[in-house]
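The values are calculated or read from the model by the stated rules, or taken from the named source; none is laboratory data. For clarity, every value in this text was computed on a predicted model and none was experimentally measured. Counting neighbours? That spans all protein chains shown, and the Cβs are built from the backbone with ideal geometry, glycine included. When the accessible area is computed, the model is the full protein with side chains, heavy atoms only, and any ligands, DNA or RNA have been set aside. Shrake-Rupley method; radii C 1.70, N 1.55, O 1.52, S 1.80 Å.
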Amino acid sequence: MEIKAILKNANKKTIYTIVGVSVIILVLVLVLCISRCSADIPEESTVSEEVSQEISAEISEEISEEISEEISEEVSEEVSEEVSVGPTEDELKLQEIAPLYDENPDMCSWLKIDDTIVDYPVMYTPDNPNKYLRADFYGNYSGHGSLIMDKRCALDPESENLIIHGHNMTGGTMFRILHDYPKKAFRDEHPIVKLYIGNEVREYEVFAVFYDKVYYQTDTCFKFYEFTEIDTEERFNEGISYFKSHSVYDTGITPEYGDRLLTLVTCSYHTENGRIVVVAREIAK
């Protein structure tokens, strides 16, 4: 009986021992597994940082590509515009009239008022001032004649005031248009007179419009058609004062000494030897 009891107690110890060892082994296995799993899973902050870096890199790359595309497109458009820009209307006009100086050396310039019929060569023959009074550019007879630079003007050196005459044609050609300038609304719509002279384009702004006449030589008054050489400021101011005081309206423009002037003249029948006069000052560039 004692032997059986001993064996029975021994078996219980053995079983308890086996069970205890098994539990320990199981715990160790669980700890090992947990440790390995923890090693394989990155920390939350590390994952967040990596994701943030990846997103930032993608956004930066997208923005960079968009900016690059926009800059490339803008540069392309600017280059395209620069390449596509051709000669201006004035440059084309200069090219058009350039051969005419050789064809007829009597032509000294070309006069144009935009949006009007005035678009003519200007002839200059001071030794024979009436040569183109009834002749066209080619010297053929023409009742319209040509625009003529006043014989009192000089081109080399150039007079401070260039005076150009033209016929008052009832059909509306030549300088008939000057009779519209007493209407201020017309002047406001056509304030600029262009003179193409040599390789230069000048723009003059109309500042005075008045009626006058050709006086007798014995008349001792201011004669607008003799106001070409302006050698003093006093003489300049005398002319400007006369123009503005006789103008049919005030444009608010007062030329200053040193400004170059352009005077356009045609016949008017308000009095004997009457004239209508349009005076403009050069716009500085």
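Scan (1) open to solvent by 30 Å² or more (accessible area, probe 1.4 Å); (2) closer than 25 Å to I148 by Cα for the single condition L261 breaks and write down its number. In the conditions (1) open to solvent by 30 Å² or more (accessible area, probe 1.4 Å); (2) closer than 25 Å to I148 by Cα, L261 misses (1) alone.
Taking the residues in region 267-285 that are in a loop (DSSP other than H, G, I, E, B) and under 27 Å from the mean Cα position of the chain (by Cα) as candidates, determine which candidate is farthest from F236 (Cα to Cα). Out of the qualifying residues, it is K285. For residues in region 115-124 being surrounded by fewer than 16 Cβ atoms within 10 Å (Cβ to Cβ) and out of contact with any His (no Cβ under 7 Å at 6 or more places or on another chain), which is nearest to Y181 (Cα to Cα)? If we take residues in region 115-124 being surrounded by fewer than 16 Cβ atoms within 10 Å (Cβ to Cβ) and out of contact with any His (no Cβ under 7 Å at 6 or more places or on another chain), then I117 is nearest to Y181 (Cα to Cα).
The residue list G166, G171, G198 contains one member that is out of contact with any helix residue (DSSP H, G or I) (no Cβ under 9 Å at 6 or more places or on another chain) and small (G, A, S), which is G171.
Taking the criterion of being part of a strand (DSSP E or B), more than 17 Å from L133 (Cβ to Cβ) and not acidic (D, E), the residues of region 156-187 that qualify are N161, L162. When K285 is tested against (1) closer than 24 Å to I97 by Cα; (2) modelled with pLDDT of 95 or more, exactly one condition is not met: (2). If we keep just the residues of region 237-266 that are among the acidic types (D, E) and in a loop (DSSP other than H, G, I, E, B), which is nearest to Y120 (Cα to Cα)? It comes out as D259.
The set of residues in region 108-141 that are touching a residue at least 40 places away in the same chain (Cβ under 8 Å) and in a loop (DSSP other than H, G, I, E, B) comprises I113, D114, D115, T116, I117, V118. Only residues that are in a helix (DSSP H, G or I) and under 22 Å from N128 (Cβ atoms): list them for region 89-107, please. Scanning region 89-107 gives L100, Y101, D102, E103.
Of the listed requirements (1) in contact with a strand residue (DSSP E or B) (Cβ under 6 Å, 6 or more places away or on another chain); (2) open to solvent by 50 Å² or more (accessible area, probe 1.4 Å), E238 misses just one: (1). Taken over region 136-153, the criterion of being surrounded by fewer than 19 Cβ atoms within 10 Å (Cβ to Cβ) and of a type outside the set (D, E) is satisfied by F137, Y138, G139, N140, Y141, S142, G143, H144, K151, R152.
Within region 197-231, the set of residues being β-branched (V, I, T) and either part of a helix (DSSP H, G or I) or open to solvent by 60 Å² or more (accessible area, probe 1.4 Å) (or both) comprises T218, T220.
For S247, the conditions (1) farther than 19 Å from R152 by Cα; (2) of a type in the set (S, T, Y); (3) modelled with pLDDT under 95 are fulfilled apart from (3).
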